[in-house]
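Only one structure is covered here, and it is reproduced in the block below.
The values are calculated or read from the model by the stated rules, or taken from the named source; none is laboratory data. Keep in mind it's a predicted model, so treat the numbers as computed, not measured. Cβ: placed from backbone, ideal geometry, glycine included. Neighbour counts: every protein chain shown.
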Amino acid sequence: MENTKINMPEVIAKPMVVVINTGSSSIKMALIDMPTENCLAVGMLERMGEPEASISWKLGDQSQQIKCNASTHQAAMQQMFDVLFEKVDKSTVSAVGHRVVHGGERFIAPTELNPTVIADIEAISHLAPLHNPSNVAGIRAAMHEMPGIAHIAVFDTAFHHAMPLHASLYAVPYHWYSEYGARRYGFHGTSHHYVALQAAAILGRRFEDCRLLTAHLGNGCSATAIAGGMSVDTTMGMTPLEGLVMGTRSGDVDPGLHNFIAKQSKSTLEEVTSALNRQSGLLGISGRSNDMRVLLQASEAGDEQATLAIEMFCYRLAKSLAALTVALGEVDAIVFTGGIGEHASAIRAKTLRQLKFIGATVDDEKNRQHGRLSQHQISQSAALLPVFVIPTNEEVMIARYVCEVISTKDQTP
C-alpha cells in the first residue's frame, strides 16, 4: 500500500468511531464514518502470542498483512493502531466503541468507560469468564493508546435486559437469582437489534410497533422475540450455551446430563461443560465439522450423520421460533441473519416449512437469491407473514450506540 493518508470528513460533522472486539487471542477493529455508516477500514489480529500471529488491514480497496510479534493485548493493540494511523489521521477519531459480552444486571445500556465502570465490569467477569476478561484487557489497551476521547462499552446482553421475570428467571430456588445472579441474560443483542430495526424500515412501520422473530445463525446461534422496541424473550440464557443447536455448542440439554456423563465417563463437571461448549452441536452430531457448508455438501453426498445434524439444527430452530411466538401473540415478520442465516438457503427453507402453521412460507427462487433481488424478502408474494434475510452489521450498530451516548452527554447541562 502507498503510505498516504485517507482524507476524512470533519470530526464534528461526521465523527469517526473505532469499534473494537477483543478476544483472548484476537482483536477485530473497524473504522466507521458516522452518520453515513460507511466502514472505511477493517483490521483483524489472529492467533495472538503464537508464531503464526498476523495483523491484516483492509482500507478501501487497499490491503495489508504483517506479522505480529505481540504477546499481550497492550502490545497488540499498539501495533494495530500503528498500522491504522499510518493511513488515517488519528485526530479524525472522536470515540471508540468496545464490545463487551456480559453486562449482567448492572449494565443495561451502552456506558461510557471510566475506572469505576471498568472495575464494575471486572466484578461481573464470573458471569462470562471466557470473554469479559479479554474484553477488559482490550479496553485498557485501547484507552492507553487513545486517551482523551470517549470510550463506550456496548454489552451483548443489554438489549435483552427488559425481558419480564417470567421469561428471564429459571424455576430454581429464588435466592440463586437474588444472591448469585442466576437468570437468563441473552446474547447477540447488538445483532438482533440491528436487523430488527432494518426489518421495521422495510415494513414501513415504527420499530416500537413491530412484533418480530429474529434468528442470528452462525457458529453461535440464538433467536429472539421483539416487541415494543425491545427483546421480550430469547433462546440463550445465563451463558451462550443454552438454546439452539450451534456449531460446537449443544444448546438445550437435560441438566441431569452433566452428572450422568461425569459419572459414566469419569470426567469432571468442568470437562463435561467444556465438551458441551466445544465438542457438541453440529460438530458433535456429525463427527465431521461445525461448518454448515461442509455438512450440507456431506449430506448431499449421503453422509447420514451430517444429515441428522442438519435435521436437528432446523427442527430445534423451528421449535424455538414457534415457542417464541407465545411472547408476541402475533408475528409481523421473521428475520434470518448471521453466516448461516444469510447464506444457507436450504436451512432457511427446511426451517420455514416446519412453521406453516404460523403462516411462514418460502419462495424458492427468492430464497436461492437470499432475498437480494426482492428487497430482502424470501416469503411468497401473497404471504401474510413476511420473511426476510437481512445481513447483520454489529460494528455499525455499536457505532450508533456510541454516537447516541456522546450526543446525550453533549446535551446534558
> In segment 341-389, which residues are among the polar types (S, T, N, Q) and crowded, with 18+ Cβ neighbours inside 10 Å?
Replying inline: 345, 351, 361, 367, 377, 379
>> Looking at (1) farther than 30 Å from residue 230 by Cβ; (2) acidic (Asp, Glu); (3) surrounded by 21 or more Cβ atoms within 10 Å (Cβ to Cβ), which one does residue 156 not meet, given that it meets all the others?
In response: (1)
>> I'm trying to understand the selection: among the residues of segment 26-38, which are surrounded by fewer than 17 Cβ atoms within 10 Å (Cβ to Cβ) and under 18 Å from the mean Cα position of the chain (by Cα)?
In response: 26
> Going through segment 85-110 one residue at a time, which ones are assigned to a helix (DSSP H, G or I), surrounded by fewer than 19 Cβ atoms within 10 Å (Cβ to Cβ) and either basic (Lys, Arg) or within 26 Å of the chain's Cα centre (by Cα) (or both)?
Replying inline: 90
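Starting from residues that are of a type in the set (Asp, Glu) and touching a residue at least 12 places away in the same chain (Cβ under 8 Å), keep the ones in segment 37-77 and report whichever is nearest to residue 143 (Cα to Cα).
Looking at the filtered set, the residue picked out is 46.
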>> Just the residues that are surrounded by fewer than 20 Cβ atoms within 10 Å (Cβ to Cβ) and not β-branched (Val, Ile, Thr), please, taken from segment 41-52.
In response: 44, 46, 47, 49, 50, 51, 52
> From the list 247, 302, which residue is of a type in the set (Gly, Ala, Ser), within 18 Å of the chain's Cα centre (by Cα), over 27 Å from residue 171 (Cβ atoms) and at pLDDT 95 or above?
Replying inline: 247
> For residue 123, are the conditions met, namely being within 23 Å of the chain's Cα centre (by Cα) and either farther than 30 Å from residue 239 by Cβ or in contact (Cβ under 8 Å) with a residue 40 or more places away in the chain (or both)?
Replying inline: no
> So, in segment 320-330, of the ones that are in contact with a helix residue (DSSP H, G or I) (Cβ under 8 Å, 6 or more places away or on another chain) and more than 21 Å from residue 370 (Cβ to Cβ), which residue ends up surrounded by the fewest Cβ atoms within 10 Å (Cβ to Cβ)?
Replying inline: 322
> Taking helices (runs of 4 or more DSSP H) that fall entirely within segment 252-349, which contain at least 3 residues that are without any contact (Cβ under 8 Å) to a residue 60 or more places away in the chain and on the phi < 0 side of the Ramachandran plot?
Replying inline: 256-265, 269-278, 281-286, 292-300, 304-328
> residue 214: of a type in the set (Ser, Thr, Tyr), within 22 Å of residue 330 (Cβ to Cβ), buried (at least 19 other Cβ atoms within 10 Å of the Cβ) and touching a His at 6+ places or on another chain (Cβ under 9 Å), yes or no?
Replying inline: yes
>> Please go through segment 350-369 and give me each residue that is over 27 Å from residue 167 (Cα atoms) and assigned to a helix (DSSP H, G or I), ordered by number.
In response: 350, 364, 365, 366, 367, 368
> Among (1) modelled with pLDDT of 90 or more; (2) surrounded by fewer than 17 Cβ atoms within 10 Å (Cβ to Cβ), where does residue 80 come up short?
Replying inline: (2)
> Taking residue 200 and the conditions (1) assigned by TED's automatic domain parsing to the domain that holds residue 324; (2) surrounded by fewer than 24 Cβ atoms within 10 Å (Cβ to Cβ); (3) touching a helix residue (DSSP H, G or I) at 6+ places or on another chain (Cβ under 7 Å), which numbered condition does it fall short on, given that it satisfies the others?
Replying inline: (1)
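Conditions tested, residue by residue: (1) in contact with a helix residue (DSSP H, G or I) (Cβ under 9 Å, 6 or more places away or on another chain); (2) at pLDDT 90 or above; (3) on the phi > 0 side of the Ramachandran plot; (4) not in a helix (DSSP H, G or I).
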position	(1), (2), (3), (4)
36	no, yes, no, yes
48	yes, no, no, yes
52	no, no, no, yes
58	no, yes, no, yes
70	yes, no, no, yes
76	yes, yes, no, no
> Just checking, which of 220, 228 is surrounded by fewer than 24 Cβ atoms within 10 Å (Cβ to Cβ), under 18 Å from residue 158 (Cβ atoms), in contact (Cβ under 8 Å) with a residue 24 or more places away in the chain and not aromatic (Phe, Trp, Tyr)?
Replying inline: 220
> How many residues, within segment 153-169, are within 30 Å of residue 22 (Cβ to Cβ) and in a loop (DSSP other than H, G, I, E, B)?
Replying inline: 5
> Restricting the search to segment 170-191, which residues are in contact (Cβ under 8 Å) with a residue 60 or more places away in the chain and in a helix (DSSP H, G or I)?
Replying inline: 190, 191
